[in-house]
Amino acid sequence: MQDNKALILQKALALFVAKGYEAVGVQELCDAAGVTKPTLYYYFGSKEGLFAALMQTFVEPFFRRLDEAAVYLPQPKDYYHDLQPVLLRVADEYFALAKSSPEVFRLLVSLNFMPPQSSCAAIKNHFQNRQNSTLEGLFLKASEVHGNLRGREKLLATYFGSLVTSSVLLHLNQDQTNQNQTSVPPASDLVKIFMHGIFSG
């Protein structure tokens, strides 16, 4: 028999991704998992507590991998072995997450659409900041070597994160509809496009 806590987490993940956090009620979560409200409250304390546990269980491991991927080792005299490989490792982590756990990837993206007044705004902000600080930290390190990036680190982090996540979403949606009309560039091509933009301007 599946552990109730793990079952609630799995059902909550599916519901939050399908309908959005705000649209899912506690009773709906309980019905989906086949548990009572006291059981859900016993494990998580509240709907917000459930969301926090969900993020910690499914999203935090991705951020740990992202931190490992985002280590910049400068080789400024070698264009193809300097910033490009670390950006590719970062992009690959997003594609790998979407491939292994598409619902977790969609949950991560859904943070961008949660209203600021959401009851779990503090949790949402924590994980958004976690992601942003990793990417911005990467560009801060790179700007120590590449002066043309200085002062644009936050903007570059935002652009790169948006480029990768939107491309991965396009890939996921294309897979779901089995349509091959839109060609999604692989991670390596995305990185080349981004690199061309930041070093040609």
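General observations
- For the stretch 1-41, a residue qualifies if it is touching a residue at least 24 places away in the same chain (Cβ under 8 Å), open to solvent by 30 Å² or more (accessible area, probe 1.4 Å) and part of a helix (DSSP H, G or I), and the qualifying residues are Asn4, Lys5, Leu7, Ala14, Val17, Glu22, Thr39.
- Taken over the stretch 124-155, the criterion of being aliphatic (A, V, I, L, M) and open to solvent by less than 20 Å² (accessible area, probe 1.4 Å) is satisfied by Leu135, Leu138, Ala142, Leu149.
- Close contacts from the stretch 60-89, counting a first residue that is farther than 20 Å from Leu190 by Cα and a second that is open to solvent by 70 Å² or more (accessible area, probe 1.4 Å), with Cβ to Cβ under 6 Å and a gap of 6+ residues or different chains, come to Gln75/His81.
- Single unsatisfied condition, Leu88 versus (1) open to solvent by less than 50 Å² (accessible area, probe 1.4 Å); (2) over 14 Å from the mean Cα position of the chain (by Cα); (3) within 30 Å of His146 (Cβ to Cβ): (1)
- Residues of the stretch 42-66 that are open to solvent by less than 20 Å² (accessible area, probe 1.4 Å) and among the β-branched types (Val, Ile, Thr): Val59 alone.
The values are calculated or read from the model by the stated rules, or taken from the named source; none is laboratory data. The structure presented is a predicted model; accordingly, all values stated were derived computationally and were not measured. Counting neighbours? That spans all protein chains shown, and the Cβs are built from the backbone with ideal geometry, glycine included. Accessible surface is based on the protein model in full, side chains and every heavy atom, while ligands, DNA and RNA are left aside. Shrake-Rupley method; radii C 1.70, N 1.55, O 1.52, S 1.80 Å.
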